[in-house]
Amino acid sequence: MSALQCTWSRLGFRPYRDHGVYVLNLGTTALSEALPPLTERIEALPQPDREEWDAGLARGASCP
C-alpha cells in the first residue's frame, strides 16, 4: 500500500472496484474528526524557513 493510499484510508476513503478509485462515504465519515490527527502529523515534519520557501527550495532538497 502506498503512502497516499494509507493517508486516504486514514481520512476514511475506501478502494472501489480495484481500479485505483477511492470513495468517501460522508454518511459514515466525519472529516472534522479525521483531519486534525493528519494535520498534526504534517505540522510535526521539518518545515523550510522563510528564505528557503521564498527561494522555492525545501530544506535538504537538491536541484538537478
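Below is a table of values for the structure above.
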{"quantity": "Most to least accessible of ASP18, ASP49, ASP54 (protein chains only, probe 1.4 Å)", "calculated": "ASP18, ASP54, ASP49"}
{"quantity": "Carbon + sulfur, % of accessible area of the chain - ligands and nucleic acids excluded, 1.4 Å", "calculated": "57 percent"}
{"quantity": "Normalised contact order of the chain, rounded percent, pairs of Cα under 8 Å and 6 or more residues apart", "calculated": "19 percent"}
{"quantity": "Charge dipole magnitude, Cβ of K and R +1, D and E -1 - the chain, Cα centre, debye nearest 20", "calculated": "380 debye"}
{"quantity": "Degrees separating the helix 31-43 axis from the principal Cα axis of the chain, which is the longest one", "calculated": "30 degrees"}
{"quantity": "Amide N proximity, the stretch 10-26 versus GLU33 label position 7 Å along Cα-to-Cβ, cut-off under 12 Å", "calculated": "12"}
{"quantity": "Surface per residue (accessible, 1.4 Å probe) for the chain, Å²", "calculated": "87 Å²"}
{"quantity": "LEU45-VAL23 pseudo-label distance in nm [points 7 Å out on the Cα-to-Cβ vector]", "calculated": "3.0 nm"}
{"quantity": "Computed [θ] at 222 nm, helices only, for the chain once each DSSP H run of length n ≥ 4 contributes -39500 (n - 2.57)", "calculated": "-12500 deg cm²/dmol"}
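The values are calculated or read from the model by the stated rules, or taken from the named source; none is laboratory data. Predicted model, so just to flag it, every value in this text is computed and none were measured. Don't worry about glycine lacking a Cβ; one is built from the backbone with ideal geometry, like all the others, and counts go over all protein chains shown. With ligands, DNA and RNA removed, areas are computed over all heavy atoms of the protein, side chains included. Shrake-Rupley method; radii C 1.70, N 1.55, O 1.52, S 1.80 Å.
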